[in-house]
Amino acid sequence: MDDSVPQADVPGLPADFSADAILLDVREDDEWQRGHAPGAQHIPLGDVPARIHEIDADKSLYVICHAGGRSQRVAQYLQRQGYEPVNVSGGMLAWAGAGRPVVTDDGGPGTV
């Protein structure tokens, strides 16, 4: 089976994650709390197998981490489970570098 997961650069991502698209952030809790993309869904890498039912298979799925390595592994796993994930190249570093918003849980400005 081909383990090649499609890659997306941040400028090519949807502007809004809610209705039709999911941005799955697989970073650890402390990373998420420092700052994340608005509207992202957070499931740490190690929790994905146990919480896979929380990921809506009917929506476009983009997987992101800090720099792109962990999200690639999760995307490969999800692909084997029948999902059609896209890995975000460069992760949250690229997200912030592209000028996309980074927020904390209370809506304040966050950091990557």
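The values are calculated or read from the model by the stated rules, or taken from the named source; none is laboratory data. Note that this is a predicted model, so its numbers are computed, not measured. Quick reminder, even Gly has a Cβ in these numbers, built from the backbone with ideal geometry, and neighbours come from all protein chains shown. Areas reflect the complete protein model, heavy atoms only, side chains present, ligands, DNA and RNA absent. Shrake-Rupley method; radii C 1.70, N 1.55, O 1.52, S 1.80 Å.
At a glance:
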{"item": "Neighbours by Cβ (under 9 Å, 6+ apart or cross-chain): first from the stretch 58-86, on the phi > 0 side of the Ramachandran plot and touching a residue at least 24 places away in the same chain (Cβ under 8 Å); second open to solvent by 50 Å² or more (accessible area, probe 1.4 Å) and outside any helix (DSSP H, G or I)", "result": "68/7; 82/57"}
{"item": "Positions within the stretch 83-102 being more than 15 Å from residue 6 (Cβ to Cβ) and either out of contact with any strand residue (DSSP E or B) (no Cβ under 9 Å at 6 or more places or on another chain) or open to solvent by 30 Å² or more (accessible area, probe 1.4 Å) (or both), in sequence order", "result": "93, 94, 96, 97, 98, 99, 100, 101"}
{"item": "Cross-chain or 6+ apart pairs with Cβ under 6 Å, the stretch 94-107 first and within 12 Å of residue 13 (Cβ to Cβ) and touching a residue at least 24 places away in the same chain (Cβ under 8 Å), then open to solvent by less than 60 Å² (accessible area, probe 1.4 Å) and among the β-branched types (Val, Ile, Thr)", "result": "94/10; 95/10; 98/10"}
{"item": "Matching residues, the stretch 1-39, being in a loop (DSSP other than H, G, I, E, B) and in contact with a Cys (Cβ under 8 Å, 6 or more places away or on another chain)", "result": "26, 27"}
{"item": "Hits in the stretch 16-46 (condition: over 20 Å from residue 104 (Cβ atoms) and exposed (fewer than 14 other Cβ atoms within 10 Å of the Cβ))", "result": "19, 20, 46"}
{"item": "Failed item in (1) of a type outside the set (D, E, K, R); (2) in contact (Cβ under 8 Å) with a residue 24 or more places away in the chain; (3) closer than 12 Å to residue 71 by Cβ, with residue 38 passing the rest", "result": "(3)"}
{"item": "Boolean, residue 56 is open to solvent by less than 40 Å² (accessible area, probe 1.4 Å), among the charged types (D, E, K, R) and either under 11 Å from the mean Cα position of the chain (by Cα) or closer than 15 Å to residue 86 by Cβ (or both)", "result": "no"}
